[in-house]
1. In a shell of Cβ-Cβ distance under 15 Å around Pro224, excluding Pro224 itself, what net charge do Lys and Arg (+1) and Asp and Glu (-1) give?
2. Assuming R0 = 35 Å, what is the FRET efficiency of Trp29 and Leu54, from their Cβ-Cβ distance, to the nearest 0.05?
3. Could you report segment 1-132's accessible area per residue, 1.4 Å probe, as an integer in Å²?
4. Could you point to the residue in Ala233, Ile218, Met267 farthest towards the positive end of segment 208-269's charge dipole, with +1 and -1 charges on the Cβ of Lys/Arg and Asp/Glu respectively?
5. In debye to the nearest 20, how big a dipole does segment 173-269 give about its Cα centre with +1 on each Lys and Arg Cβ and -1 on each Asp and Glu Cβ?
6. Kirkwood Rh and Cα-based Rg: tell me the resulting Rg over Rh for segment 102-181, rounded to two decimals.
7. Could you size up the charge dipole of the chain around its Cα centre, putting +1 on the beta carbon of Lys and Arg and -1 on that of Asp and Glu, and report it in debye to the nearest 20?
8. Accessible area per residue for segment 174-227 in Å², computed with a 1.4 Å probe and the full protein assembly in place, what is it?
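The values are calculated or read from the model by the stated rules, or taken from the named source; none is laboratory data. Just so you know, these numbers come straight off a predicted model, no measurement behind them. Cβ: placed from backbone, ideal geometry, glycine included. Neighbour counts: every protein chain shown. In case anyone asks, the SASA skips ligands and DNA or RNA and just uses the protein heavy atoms, side chains included. Shrake-Rupley method; radii C 1.70, N 1.55, O 1.52, S 1.80 Å.
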Amino acid sequence: MTTESMPSSAYAALDGDSYRPSFLTRGPWHPDHQHAGPPIALMCRAIENAALKLGLMHLSRLTANLLRPVPIRDMTIEVITHYVGRNSGHFSARLKADDKEVAHVTALAQRENDVQLPDGLPGHPLPFAPRGPEDSPAANFPFHSKQVGYADLVDTRIARGAFFKGPCAIWFRLRHPLLESEEPSAYQRVAVAADSGNGISAILDFARYRFLNLDLTINLLRKPVGEWICLDARTCLGPNGCGLAESMLYDLHGFIGRATQSLAIRMRD
């Protein structure tokens with residue numbers, strides 16, 4: 001139960017390409033830092049808009065490099081178009097706060113082309129999530145607290161397993177829009193959710209360890225459909241303070257792609 005007033009959206013648009021985050025973006029690691037999902041989704045939105053103007057309808061890969069903690073302060077986004085060809089375009093976006101670059105994203109956008117596929121392809125039809133959201137019980141993130149944050153931004157339901165207890169499948173849906181009075185795209189919904197793979201599948205004690213992700217790569221075979229996105233995630237750790245979280249991604253119509261995160265494992269002070 002939160003005691004702070006609930007914002008109406010994750011961000012407010014300011015002049016130009018500037019944005020003001022609300023406390024709905026607050027992450028679990030520090031009260032003044034954003035969860036990486038919302039700012040990655042905001043950069044995804046900027047690239048998506050640039051690609052659409054060039055007729056590139058499908059965002060097939062998004063790689064976010066998280067350079068510094070993203071503060072809950074005003075931010076600007078700059079989009080660069082690197083190359084656009086017959087089949088695809090390559091883009092990047094830089095996120096700056098306090099005059100410092102805190103994250104950047106590279107992306108591949110593709111031109112869609114109707115292709116009649118033969119029946120009986122190996123591995124097809126593609127799999128579905130373990131359970132649908134309507135058959136999955138609602139649950140809150142373990143770090144849900146009296147402070148407004150990311151756990152209030154998303155509605156979560158458990159399709160398999162449990163939060164913070166190893167491999168699990170969790171459905172995500174935005175409770176609030178990314179920007180006020182704007183319907184988030186399916187790609188933005190994936191970006192908000194996909195950065196949580198290492199959190200939902202955590203195998204270390206949250207009170208004793210930090211397991212921050214330093215990046216996020218999302219690969220999508222088609223455009224997602226609908227409000228709900230499912231992460232079927234697991235965390236794998238090495239003996240060197242490094243790790244990998246990987247998630248299979250689903251919408252209500254089945255498998256849509258994968259997400260991976262490189263992890264830095266540290267003991268808490």
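1. +1
2. 0.40
3. Per residue, segment 1-132 has 55 Å² of solvent-accessible surface.
4. Towards the positive end, the residue furthest out is Met267.
5. Dipole magnitude for segment 173-269 comes out near 260 debye.
6. 1.09
7. Value, rounded to 20: 600 debye.
8. For segment 174-227, the solvent-accessible area averages 41 Å² per residue.
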